[in-house]
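Structure, as C-alpha cells:
The values are calculated or read from the model by the stated rules, or taken from the named source; none is laboratory data. Note that this is a predicted model, so its numbers are computed, not measured. We place every Cβ from the backbone using ideal geometry, glycine too, and count neighbours over all the protein chains shown. Side chains are part of the model used for accessible areas, which takes the heavy atoms of the whole protein and leaves out ligands, DNA and RNA. Shrake-Rupley method; radii C 1.70, N 1.55, O 1.52, S 1.80 Å.
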Amino acid sequence: MKTEVVIIGGGPSGLLLSQLLNRGGVDTVVLERTSRERVLARVRAGILEDGTVNLLRHAGVGARMDSEGLPHDGCFLTDNDVMVRVNFHELTGKRVMVYGQTEVTHDLYDAQDARGTPIIHNVDDVVINRAETNSPFVEYSRDGARHRVDGRYVVGCDGFHGVSRRTIPLEKRTEFERVYPFGWLGVLSATPPVSQELVYASSEHGFALASMRSENLCRYYVQVPLSDNVADWSDDRFWKQLKMRLPHSVAADLVTGPSLEKSIAPLRSFVSEPLRWGSLFLVGDAAHIVPPTGAKGLNLAVSDVYYLHDALISALKKRDRSGIDAYSSRALTRIWKAMRFSWQMTTMLHRFDDEDSFAAQMRRASLGHLSQSETARRDLAENYVGLPF
Ligand code: FAS
Ligand code: PHB
C-alpha cells in the first residue's frame, strides 16, 4: 500500500491530523493497535480549549460539540472552605467547552468513515523503517500476515507507550520527566453535577476535582497514593473522600450514584525533544505528557496537529518545507508553556506526602493570592482557556 502520510495511532490526535490532511488534499492511512470499541471505551479528557474548539469546527467535526457541549465561563479553586472563582470570560474574553474526548474521537471516526479514509485496526508489531530517509515505510502484522505501507512522511500519534518515539535513536533524543508521587482515581457517574462549573479542590485530605460530561453525567477525581489500585476503592469510600475534600457548601449538594467507570491514572510531566527525525514526526502523548490538573493533555495534542497539518500540506502540495522544518521548535515553545502551567496547578493543589509545613503554607499563599489578585486570576485564565497557537 502507498500513501502520502502514514499515521500511527487512531486516537484523537491521529484522527484529527488525518481529517485535516484529507481536507487539504493529502492522502493518509491510519494504523491503530486496538479495536475501535476499545478506543471509544476510554474515558479521558473533558475540557476543550478555545483553540481546540475552533480547530474541530475548521475540521468539519464541530456540529455535535456545538449542540451537546457545555460552554463554561469559569471554574472554582478551593482551599478547604475558601472558594475562588476564576472568570475566564470576564478576564480573557474566551471560554472553554465541556465535551468529552470520547465524543471528540467518536465524531472524528464518523467523519473519517464518511471520507473512506483507510483506518486499519488491531495492528501488531508496527515497525517504522527508513524514518531518516525520504522514503520511509511502515510494517505491521494483522490477521497472521505481515503488511507494508509506504509513505512520504510518517507521523507518530501513538501515545506515551507507542513505537514512534522509540524509533528515534536514544542519542538523538533528550527526555525531561517529573513523576508525581500520587495518581488520580476517576469515577464516571450518571448523576447531576455538584456544581455548574468545575471545582478544583485542595484540602488537608488531598486533592479532588468535580467535573462533568453533561447535565446528568459527571466525572469526579480524588488524589490517591501511587500504591493504591482500583480494587481498594469501593464507591462508598470514593464518595466519602470526595465529600471530605470539597468545601462543605459544595459537598452538601453532592448527588452520589453507582460508578459507571472507575480508573486510576498516574501523573507525570514528560517531554521528548525533538519532535522530528527525518521523515518521522511526533504528535501528542507520543511526545509529551502533562498531569491532567491543567486540562492540557488533549489540547496540547491538538495544537501539535494544528502546526503539523499545515506544514505537511505545504510540503506535499507546494514543495514548501519551511513549515515541517520549523514544526518541532514551534510546537515545543507552546508545549513547554503548557508544561509549566500544568506543573504549577499540580504543585499548588496537591498535598505531597513529604511536604513540610512551609510547603503547605506556600500552597495556601498561592490560593490566597489568587483570591486577592485579578492579575493572578487573569494569568491562570489565559493559560486555562489556552495560549494562542
Ligand atoms: P492517545 O494515547 O489518546 O492515542 C494513541 C493511540 O495510539 C491509541 O489509540 C493507542 O491504542 C494507539 N497506539 C499505541 N501504540 C500503537 C502502535 N504501536 N501502533 C498503532 N497504534 C498504537 N488529558 C486531559 O486533558 N484531561 C484528562 O482528564 C485526562 N485524563 C487522562 C487519563 C488517562 C488514563 C490517560 C492515559 C490520559 C489522560 N489525559 C487527559 C491525556 C489524554 O487525554 C491525552 O492527552 C490524549 O489522549 C492525547 O491524545 P493522543 O496523542 O491521540 O494519544
Ligand atoms: C475531566 O472532566 O475529565 C477533567 C476536567 C479538567 C481537568 C482534568 C479532567 O483538569
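The table for this structure:
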item: Considering residues of region 278-293 that are near ligand 1 (Cβ under 8 Å from one of its atoms) and assigned to a helix (DSSP H, G or I) only, the residue nearest to S164 (Cα to Cα); result: A286
item: Given (1) more than 16 Å from ligand 2 (Cβ to nearest atom); (2) surrounded by fewer than 20 Cβ atoms within 10 Å (Cβ to Cβ); (3) hydroxyl-bearing (S, T, Y), number of the condition T102 does not satisfy; result: (1)
item: Any hit, region 248-261, residues being more than 15 Å from ligand 1 (Cβ to nearest atom), at pLDDT 95 or above, outside any helix (DSSP H, G or I) and β-branched (V, I, T); result: yes
item: Members of region 201-213 found to be within 17 Å of D253 (Cβ to Cβ) and either within 18 Å of the chain's Cα centre (by Cα) or open to solvent by 10 Å² or more (accessible area, probe 1.4 Å) (or both), listed by number; result: L209, A210, S211, M212
item: Top-ranked residue of region 27-42 - restricted to ones that are part of a loop (DSSP other than H, G, I, E, B) and farther than 29 Å from N383 by Cα, ranked as nearest to ligand 2 (Cβ to nearest atom); result: T34
item: Positions within region 118-172 being hydroxyl-bearing (S, T, Y), touching a Gly at 6+ places or on another chain (Cβ under 9 Å) and either within 13 Å of ligand 1 (Cβ to nearest atom) or within 14 Å of S272 (Cα to Cα) (or both), in sequence order; result: S164, T167
item: Any hit, region 112-119, residues being under 21 Å from P292 (Cβ atoms), under 22 Å from the mean Cα position of the chain (by Cα), buried (at least 20 other Cβ atoms within 10 Å of the Cβ) and of a type outside the set (D, E); result: no
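Each row is one residue, and each column tells you yes or no for (1) within 16 Å of ligand 2 (Cβ to nearest atom); (2) touching a residue at least 60 places away in the same chain (Cβ under 8 Å).
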| site | (1), (2) |
| --- | --- |
| G14 | no, yes |
| R23 | no, no |
| R44 | yes, yes |
| R57 | no, no |
| G62 | no, no |
| M65 | yes, no |
| E68 | yes, yes |
